[in-house]
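Student: The structure that follows is given in the form of structure tokens.
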Amino acid sequence: MQLRYSFRIEPTPGQRIALSRAFGCARVVWNDCLRARRDAHSSGLAYLKSAELSRRFITEAKKTSERGWLAEVSAVVLQQALRDLDTAYSNFFASLKGARKGPKIAEPRFKSKRDNRQAVRFTANARWSITEGGRLNLPKIGPVKVRWSRQLPSVPSTVTVIKDPSGRYFCSFVVETGPADEILPVLEMDQGIDLGLTHFAVMADGSRVKSPRFLRRAEKKLKREQRHLSGKAKGSKNRNKQRVKVARAHAKAADARRDFHHKLSTKLIRENQAISVESLSVKGLARTHLAKSVHDAGWATFVNMLEYKASRYGRTLTRVDRAFPSSQVCSACGHRDGRKPLHIRAWTCSACGTRHDRDHNAGKNIKHEGRRIRAAQAAPPTPGPGALARQRAR
């Protein structure tokens, strides 16, 4: 299983200049190759292959006066930019043909030095290394200080250096992990989770996790900083300084939300053998008046964390279809009592008279439905009429 480990790095002023040069060179190679492919397509010519693009816009471009500064950075950075463009085109074509699941993907676009995120990738061919002192030694950049928060489980295959909108630098490693070393002991507990806005999660056992609402709590400061940003002249240094302040305020809320998701998902994975969760339509809900609260909750990110951690530690995550009427069915007798408006938070079953809390009852129903789905997946397939006839004939 491949995992990504990210750590904060602290480059010196000289190393920041070298990283900016690497970001810029990778961006120029991407834009040059993208422009060549678009020009060839508009002229009716054949699709340009990667080998031809590499020869024209990397190898030969270094020998020219206009692009001679490409030789100042590692060649691997430039090759990886071209490889990223190939991946972007592959995803675009697969999306057009319907071979790629999910929403349609647009054609690759040109990159700008004003993009929020800048990144370059180094593979093993670049001969980057981790020194004995714990620094990340990058070609033509030098040893960079890393804030190590944990040990890497194995030798990384690649490292990506990222600069976020707030001006922070990170290094991201891709490592291979052995599944047998991380399997947790088998437990008897399973859990159903009903995700919401007032309470982020209501469990089938009755426990609740209140929604932290990180963006809502940071809104006052964000409004103030954004007002200051709107008053700065475009293109000025003061506007760029204020843009960084706004980005840092957003990053602080995003980091707190990510930390909350990680801690809660890890706790659930450690305490339960199986977890059932409803597959919500986040895109649909984001078009309603609840859009800001839905994005602030980050349900999709949380469920994705549950999914990869369950796979990593030998647990089971079951997604219950959002069409399942978890809020309409009585968890005690199974009677379906019809649709209920959102303002009704408690109701009494008309069949058995049981009083239900809406969210707690939904968590119980999601747990029962998850058990049914897992049992159906584990059961052997039922033979059809033809198979039964052949068995009788034998």
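Student: Would a scan of the stretch 174-186 turn up a residue that is without any contact (Cβ under 8 Å) to a residue 60 or more places away in the chain, in a strand (DSSP E or B) and surrounded by fewer than 18 Cβ atoms within 10 Å (Cβ to Cβ)?
Tutor: No; the residues of the stretch 174-186 include none that is without any contact (Cβ under 8 Å) to a residue 60 or more places away in the chain, in a strand (DSSP E or B) and surrounded by fewer than 18 Cβ atoms within 10 Å (Cβ to Cβ).
Student: Can you name the residue in the stretch 38-69 that is among the aliphatic types (A, V, I, L, M) and outside any helix (DSSP H, G or I) and is also surrounded by the fewest Cβ atoms within 10 Å (Cβ to Cβ) among such residues?
Tutor: Ranking the candidates gives ALA46 first.
Student: Conditions first: (1) touching an Asp or Glu at 6+ places or on another chain (Cβ under 8 Å); (2) outside the structural domain of SER281 (by TED's automatic domain parsing). ALA201 passes all but one, so which condition is the exception?
Tutor: All conditions are met except number (2).
Student: Also: Only one of these conditions is not met by ARG168: (1) over 20 Å from the mean Cα position of the chain (by Cα); (2) over 30 Å from ASP359 (Cβ atoms). Which number is it?
Tutor: The number of the failed condition is (1).
Student: While we're here: Pick from ALA119, ALA88, ALA106: which is closer than 27 Å to ALA300 by Cβ, surrounded by 16 or more Cβ atoms within 10 Å (Cβ to Cβ), without any contact (Cβ under 8 Å) to a residue 60 or more places away in the chain and of a type outside the set (D, E, K, R)?
Tutor: Of ALA119, ALA88, ALA106, the one residue that is closer than 27 Å to ALA300 by Cβ, surrounded by 16 or more Cβ atoms within 10 Å (Cβ to Cβ), without any contact (Cβ under 8 Å) to a residue 60 or more places away in the chain and of a type outside the set (D, E, K, R) is ALA88.
Student: Right, another one. If I filter the stretch 307-343 down to residues being of a type in the set (S, T, N, Q) and more than 25 Å from the chain's Cα centre (by Cα), which single residue comes out as nearest to LEU3 (Cα to Cα)?
Tutor: SER326
Student: Of (1) without any contact (Cβ under 8 Å) to a residue 12 or more places away in the chain; (2) basic (Lys, Arg); (3) surrounded by 14 or more Cβ atoms within 10 Å (Cβ to Cβ), LYS111 satisfies all except one. Which?
Tutor: (1)
The values are calculated or read from the model by the stated rules, or taken from the named source; none is laboratory data. Here the structure is a predicted model, which is why all the values come from computation and not from measurement. Every residue, glycine among them, receives a Cβ derived from its backbone with ideal geometry; neighbour counts consider all protein chains shown.
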